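Only one structure is covered here, and it is reproduced in the block below.
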Amino acid sequence: LDRRTSVMGRNTDMRWRLPLVCLLWEVAMIILFGIFVRFNPDADVAGWQKERHKQNFTGDMDNDFYFRYPSFQDVHVMIFVGFGFLMTFLQRYGFGAVGFNFLLAAFGIQWAILMQGWFHTFEQGKILIGVESLIGADFCVGSVCIAFGAVLGKVSPVQLLIMTLFQVTLFSVNEYILLNLLHVKDAGGSMTIHTFGAYFGLTVTAILYRSNLESTKDKQGSVYHSDLFSMIGTLFLWMYWPSFNSAISDHGDAQHRAAINTYCSLAACVLSTVAFSSMLEKKGKLNMVHIQNATLAGGVAVGTAAEMMLTPYGSLIIGFVCGIVSTVGFVYLTPFLESKLHIQDTCGVHNLHGMPGLIGGIVGAITAAAASESVYGKEGLIHAFDFTGPYSSRTTSDQGGFQAAGIAVSLGIALVGGAIVGGILKLPFFGDPTDENCFEDNVYWEVPGDEESNLYCMNDSNAKPVTDH
Amino acid sequence: LDRRTSVMGRNTDMRWRLPLVCLLWEVAMIILFGIFVRFNPDADVAGWQKERHKQNFTGDMDNDFYFRYPSFQDVHVMIFVGFGFLMTFLQRYGFGAVGFNFLLAAFGIQWAILMQGWFHTFEQGKILIGVESLIGADFCVGSVCIAFGAVLGKVSPVQLLIMTLFQVTLFSVNEYILLNLLHVKDAGGSMTIHTFGAYFGLTVTAILYRSNLESTKDKQGSVYHSDLFSMIGTLFLWMYWPSFNSAISDHGDAQHRAAINTYCSLAACVLSTVAFSSMLEKKGKLNMVHIQNATLAGGVAVGTAAEMMLTPYGSLIIGFVCGIVSTVGFVYLTPFLESKLHIQDTCGVHNLHGMPGLIGGIVGAITAAAASESVYGKEGLIHAFDFTGPYSSRTTSDQGGFQAAGIAVSLGIALVGGAIVGGILKLPFFGDPTDENCFEDNVYWEVPGDEESNLYCMNDSNAKPVTDH
Amino acid sequence: LDRRTSVMGRNTDMRWRLPLVCLLWEVAMIILFGIFVRFNPDADVAGWQKERHKQNFTGDMDNDFYFRYPSFQDVHVMIFVGFGFLMTFLQRYGFGAVGFNFLLAAFGIQWAILMQGWFHTFEQGKILIGVESLIGADFCVGSVCIAFGAVLGKVSPVQLLIMTLFQVTLFSVNEYILLNLLHVKDAGGSMTIHTFGAYFGLTVTAILYRSNLESTKDKQGSVYHSDLFSMIGTLFLWMYWPSFNSAISDHGDAQHRAAINTYCSLAACVLSTVAFSSMLEKKGKLNMVHIQNATLAGGVAVGTAAEMMLTPYGSLIIGFVCGIVSTVGFVYLTPFLESKLHIQDTCGVHNLHGMPGLIGGIVGAITAAAASESVYGKEGLIHAFDFTGPYSSRTTSDQGGFQAAGIAVSLGIALVGGAIVGGILKLPFFGDPTDENCFEDNVYWEVPGDEESNLYCMNDSNAKPVTDH
């Protein structure tokens, strides 16, 4: 009976819907790129020739490409391999984790180049792009990958593409408000990427609450090798996070400092995560979920302040605290959120991105407010916070206040936006899986050996999804 | 009976043949390197001291190392992890995929440094090498990795080393004809690497046709985790492809632009691949083979034009089209090639490298022919296409014609060369496996647990190779 | 009976000990960083503003960040993914391999920044750090990862953290003696990292000898997919080794040359490894252990000389020889060391780091002694070996002698230090596993599906650790 209901209730066959959405949106991208997107002078033949003839030109090394491309590639790896593999821990959702992350990120970066371009590099009717645009697009999509972590296993690829469209739009609006209107610093995106992405995703997953997920309890766990695949994601995120937080900082000392601070914060985070994982688990054994996720919280939490004069020991303290907050969150808060608030957070993004993102925003506000000429130098302070033009009269305590406002705005747009987008995704024709088919690749993927029994080396007689019958 | 025949027919014991070939060739490399290979001035103590004393020297950052080393490392990852893991999708050939790719690439880069050095950086009896030589060698070996994809699982390591020797040689001749005689642009190698590599490999595999591969049908498929390993390869190829296509472009805007165009093309390619995979598979489910391969076609197809003023939307169009062409190729063309033309293309390199490579050559020819002073500027046009010295009178339409000729030459040398090399590999003493032992690591590798039964968690009572009895 | 004994004999519950050590040491790091660690001028707002006003400033590209950050990231990947995954070959110790490597490295880099800082960049009571400090810290931890390979599977995380504390300390002392007192060149660490790390670890494991490891023979082997995970580690180590050996060389030609020499050495090493693996194994089959490890020996062995004028063919010869030495070591020496000298070297670090490290030290001494003005130029020779100040009268043959002394010192400190640290680790309250529980994740990790039977798809009824009962 249950089976029949679910088959009648929803149709997960993507044959026409998924191709339609993909093709429609890609054609839209092509048209919009055709109208709007051109190379900026650093990437343009004629433009660069003009740069070369300027007086202060010292060589091709002046091209922004050489300042940012290595960091861009590291960020790129974080988005596609980092987030993609991090989410492969589920035993039967590896294809979906890596594959859908790939799909939504590939679409998202195109739409982000347009949205961010309109807001930031729109000149004489054209969006001028360069390597910094690619990093910005990857950053924006990072927030979508975070939200994906909250709804992982419970939505269809069509829903994901729709969510991506809206989230990238909202991200860009929020980012514009923060960076341009509030003149806030957030180079590593504690507010714009992590806080926004996490609370947006959590709101969406709350709206899409499913009351019958206990039936998939087995599939919500990992198997031995899926945990190792997940560690590939964890480690590439962890290793490249210094590049993430320094990628769009100012040339010179700012990039350098952001990388060092992030390196320190992440190192401390590993130790406090291990300590609390062992302390809170039975028999003192370590829990892979904590190692895979909470070790990264230190990178999130210095996202705003890493390029400031946070100092290495300040970074250690933040990383140390966030490892604890995040691990404790996994043990106590995630079950609470699910049972009491009906927030089913598959990957625990609240612990990895939500709380550390908020902490990062607060740390950024404090670090900005505490900035002084005695540490930065007069010229350095102006340069570091860009207190020029209309902002030349801003003080560091003003700046701290605006930074704090940035947290509130990000949170607000995430919650309202997530509620609206969640509502849209609830519409019944997007092909989301039934409760008992959640966390199951077979619904949307050809899974090898599914015709035969016993593929996953375990007694999964109940694991075969309904759609196959 | 069948067993006895196969045992009598071929001997896959590599004990003396493989060591002999490896040692012989490595000793040859050492001797030839000793005679010919020296550092270029950027990598030489005395040479760089001389550079430092030149008038226009601005700092150590002028060293080509800093312009190209990050891209080189990305390319290096593509060759060894990218191609290596991409081919691990087969359930019983992971060791062979990663391990033989490692072997042939490690040999190939040495031989390529010599061959390309003789053609391009031979001065006063010495080959002068630098970071660009390392990239060139990796590129050359990339074409061998492609050809390896066509014959994957059906040849012995000795055959692979012989194929590598010949293919690197032919690659270098073809590259010399294109770059030096035809004065063609092909920075990302649509013609020299992809078209040449794919059609060379396809011709070899056609010559080595095996009529009894149905018996290994199971082993030609994947298992769940082998598909995830393969995605590691896919993603590193996809992410680093912008570095591949920009690695040897001119300093400054050309490297910058090539990276952006490739990024755009690849993003679009993912969406059209997903659309057509879902459209063409039963019940609209996605096929991992398409996601693993066709998503990369966009990088291949802008290999020639990425450094030109292709524009971002032009790149989107090309990526979009190639995702479709490649996916359709996997569904309809590969079975046709196997049944009608006896081309057994294990990895579907025709879809990923063959057709997109040809498209890339054509796109390059059109983009070159369409180049104009109004877009490039007078000076820019000369610089971009190197219309200097003997080529100073060449027009862009001439250039388009020469580019087209380059496609034909690459194709011709690939087909003729592949036929000859395929004929050589057919000689009966290279230790290739019997038909029923194809796609089976156990033939050339110590496989853990093979003494015990049931390792691969499936009923593989028929999977044990003959050589063990 | 046996079970009871082992339970009584040792308590592997880490609940209080592991958290205590982690928290204690992290708090110590925070305090020491607070007192001592500051940014160097390249990473400091005010400091860099001062640099900008200097006469010879040409642009932000002068910042050391741009010379070294890409190499740093490659080294970072080697330490965390490279070493971590290389050790996942054991069938039931993947979590421990990746996870404990993560833990010890994250702690080690913090302590190394302090130790190396006190010795090398201590100015007016402060340690000034920059990107080179991060590389140095990663290098130092590399030696701990090597030692971890020797004791893999046989120690508790508490023991590892204690070993890391001592080893980083001893490493820094040894490095100071070599680089500062003996004025030795060792940019890629053949002596300081590999020789020291390997012989330190081997001494520790000899002290911790376990007489009953035969009972875990199964678990000391690999399974099919664990070997593929291990290849991820191998390949990232192999690919990024040119960055490792060039990361802290002088700007310009030295970094460039070190990368090329390492690339050549590693390529040759693959061929001789394959040759000897096939030659020495039954039926000429390749052994994954050799491919995973011996192929890397070439990188170790040019660690000292890569930045010198070793020449590409010299590098080929060294790589070629070391592939042979290392493979033969795995086949003949490792069993001998275990049975005769009671050195249980889990990962065979003697073959990958010990012998090649010694060879690398010797090659460095010879290359230095053979350096001449005719090759380096007068100015170049002084620059390359830093024959300035108190060393301005040193000859190249002197230098060769000091290099040789460096090997002896490294070996001596490793052996004595390893013996002492091994003795400390033998204390009975650090929670090391019983012999039959070695190489088993379940002791220190929550392993998925361990409640159910049959997870690993094999008959492992005897594999369940005692602690679960």
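Past 30 Å, Cα to Cα: identify those pairs from B:426/C:285; B:340/C:285; A:154/B:217; A:285/C:340, in the order given. Walk me through the intermediate numbers first.
Working: B:426/C:285 22 Å; B:340/C:285 36 Å; A:154/B:217 34 Å; A:285/C:340 36 Å.
Checking Cα-Cα distances, B:340/C:285; A:154/B:217; A:285/C:340 exceed 30 Å.
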> What order do you get for C:195-201, A:51-57, B:412-418, C:368-374 when each peptide is scored by the mean count of other beta carbon atoms within 10 Å, highest first?
Replying inline: C:195-201, B:412-418, C:368-374, A:51-57
>> Quick check on the stretch A:273-349: take the gyration tensor over C-alpha atoms, sort the square-rooted eigenvalues as a ≥ b ≥ c, and tell me if it's rounded (a/c under 1.5), prolate or oblate.
In response: oblate
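Of all the accessible heavy-atom surface of the protein assembly as shown, with the other protein chains kept in place and a 1.4 Å probe, what percent is carbon and sulfur?
Roughly 62 percent, rounded to a whole number.
Averaged per residue, what accessible area in Å² does the stretch C:149-254 show with a 1.4 Å probe, protein chains only? Please list the in-between numbers first.
On the way: 2180 Å² over 106 residues.
That works out to 21 Å² for each residue.
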>> Averaged across B:113-120, how many Cβ atoms of other chains sit within 10 Å of each residue's Cβ atom?
In response: 1
>> Please compute, for the alpha-carbon atoms of the stretch C:81-173, the extent along each of the three principal axes and give them in descending order in Å.
In response: 51, 22, 15
>> Quick check: Cα centre of the stretch C:396-452 to Cα centre of the stretch C:25-101, how many Å?
In response: 24
> Please report, for the Cα atoms of the stretch B:34-76, the Rg to one decimal and the Dmax as a whole number; what are they, in angstrom?
Replying inline: 12.4, 34
> Taking the inverse of the average 1/r across all pairs of different Cα atoms in the stretch A:377-452, what Kirkwood radius in Å do you get?
Replying inline: 17.7
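Grab the eigenvalues of the alpha-carbon gyration tensor for the stretch A:202-351, scale each by 5, take roots, and send me the semi-axes largest first in whole angstrom. Please report the intermediate quantities before stating the final value.
Values: eigenvalues 183, 58, 42 Å².
So the three semi-axes of the stretch A:202-351 are 30, 17, 14 Å.
For the stretch A:283-369, what does the accessible surface come to per residue with a 1.4 Å probe? Please give it in Å².
On the way: 2240 Å² over 87 residues.
I get 26 Å² per residue for the stretch A:283-369.
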> Averaged over peptide A:303-312, how many Cβ atoms belonging to another chain are found within 10 Å of each residue's Cβ?
Replying inline: 3
>> Suppose a student asked you for the relative contact order of the stretch C:254-348, using Cα pairs under 8 Å spaced at least 6 residues apart; what percent would you report?
In response: 38
> Out of C:270, C:251, A:20, whose Cα points farthest toward the positive end of the dipole of the protein assembly as shown (charges: +1 Lys, Arg; -1 Asp, Glu; placed on Cβ)?
Replying inline: A:20
>> Starting from a Cα-only point model with no solvent, please compute log10 I(q)/I(0) by Debye for the stretch B:1-140 at q = 0.16, 0.18 1/Å.
In response: -0.99, -1.13
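If I take R0 = 22 Å and measure r between the Cβ atoms of residue B:122 and residue B:64 in this structure, what FRET efficiency does the formula 1/(1 + (r/R0)^6) give, to the nearest 0.05?
Result of the calculation: an efficiency of 0.75.
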> Which value, in Å² and to the nearest 10, is the accessible area of residue B:269 when all protein chains are kept and the probe is 1.4 Å?
Replying inline: 0
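Thinking of chain B as a set of Cα atoms, what percent of all their pairs are more than 31 Å apart?
Numbers: 46121 of 109746 pairs.
Across chain B, Cα pairs with separations above 31 Å total 42 percent.
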> Which of the peptides C:221-230, C:380-389, A:251-260, A:206-215 is most tightly packed, and how do the rest follow, going by the mean number of other Cβ atoms within 10 Å of each residue?
Replying inline: A:251-260, C:221-230, C:380-389, A:206-215
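Rank by packing, highest mean first: peptides A:297-306, B:180-189, with packing defined as the count of other Cβ atoms within 10 Å averaged across residues. Can you show the working numbers first?
Working: A:297-306: 33.7, B:180-189: 22.5.
With the highest mean Cβ count within 10 Å placed first, the list reads A:297-306, B:180-189.
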>> Kirkwood hydrodynamic radius, the stretch A:222-308, all distinct C-alpha pairs: what's the number in Å?
In response: 13.7
> What lysines could a cross-link reach from residue C:50, if we take a straight Cα to Cα line under 24 Å and drop same-chain neighbours fewer than 8 places away?
Replying inline: A:185, A:378, C:126
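Rounded to the nearest 100 Å², what's the accessible area chains B and A bury against each other, both chains counted, probe 1.4 Å? Intermediate results must be reported in sequence, preceding the final value.
Details: alone 20800 and 20750 Å², together 34930 Å².
Counting both chains, the buried surface is close to 6600 Å².
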> From Cα coordinates alone, what are the radius of gyration and Dmax values for the stretch B:344-386 in angstrom?
Replying inline: 15.7, 49
> residue A:211 label points, 7 Å along Cα→Cβ, one per copy: pairwise distances from this copy to the rest in nm, shortest first?
Replying inline: 6.6, 6.6
> Do you know the relative contact order of the stretch C:64-149, to the nearest whole percent, from alpha carbon pairs under 8 angstrom that are 6+ apart?
Replying inline: 37
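Stokes-Einstein at 4 °C, 1.567 mPa s, Kirkwood radius from Cα pairs: D for the protein assembly as shown in µm² s⁻¹? Mind dumping the intermediate values first?
Details: Rh = 31.5 Å.
Translational D for this selection: 41 µm²/s.
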> Quick one: label points 7 angstrom along Cα→Cβ at residue C:340, distances to the other copies in nm, smallest first?
Replying inline: 6.7, 6.7
> Shortest first and in nm to one decimal, what separations exist between residue A:57 and its copies in the other chains, measuring from label points 7 Å along the Cα-to-beta-carbon line?
Replying inline: 2.4, 2.4
> What helices in chain C pass both tests, a Cα length along the helix axis of 18 Å or more and a mean Kyte hydropathy of 0.5 or higher, using whole DSSP H runs?
Replying inline: C:17-36, C:94-120, C:131-151, C:157-176, C:253-280, C:312-328, C:355-369, C:396-425
> What is the distance in Å between the Cα centres of the stretch C:276-337 and the stretch C:338-392?
Replying inline: 17
> Quick one: if you stick a label point 7 Å off each Cα along the C-beta vector at residue C:209 and residue B:395, how many nm between them?
Replying inline: 8.6
>> Just want to confirm a number: the relative contact order over chain A, from Cα pairs under 8 angstrom separated by 6+ residues, in percent.
In response: 22
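Could you give the C-alpha radius of gyration of the stretch B:131-224 expressed as a fraction of 2.2 N^0.38 Å, taking N as the number of residues it contains?
Taking the Cα Rg and dividing by 2.2 N^0.38 Å, one obtains 1.25.
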> Using 1/(1 + (r/R0)^6) with R0 = 51 angstrom and r between the beta carbons of residue A:426 and residue A:283, what's the FRET efficiency to the nearest 0.05?
Replying inline: 0.75
> Considering amide H positions built from the backbone, and no H for Pro or chain starts, which residues 5 or more places from residue B:39, or on another chain, come under 5 Å of its amide H?
Replying inline: B:129
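On average, how many beta carbons from a partner chain sit within 10 Å of the beta carbon of a residue in A:317-323? Write down the numbers at each step before the final one.
On the way: counts 5, 0, 3, 6, 0, 0, 2.
Mean shielding count: 2.
The values are calculated or read from the model by the stated rules, or taken from the named source; none is laboratory data. As the structure is a computational prediction, the values presented were derived from the model and not from experiment. Quick reminder, even Gly has a Cβ in these numbers, built from the backbone with ideal geometry, and neighbours come from all protein chains shown. Just the protein is used for accessible areas: all its heavy atoms, side chains included, with ligands, DNA and RNA removed. Shrake-Rupley method; radii C 1.70, N 1.55, O 1.52, S 1.80 Å.
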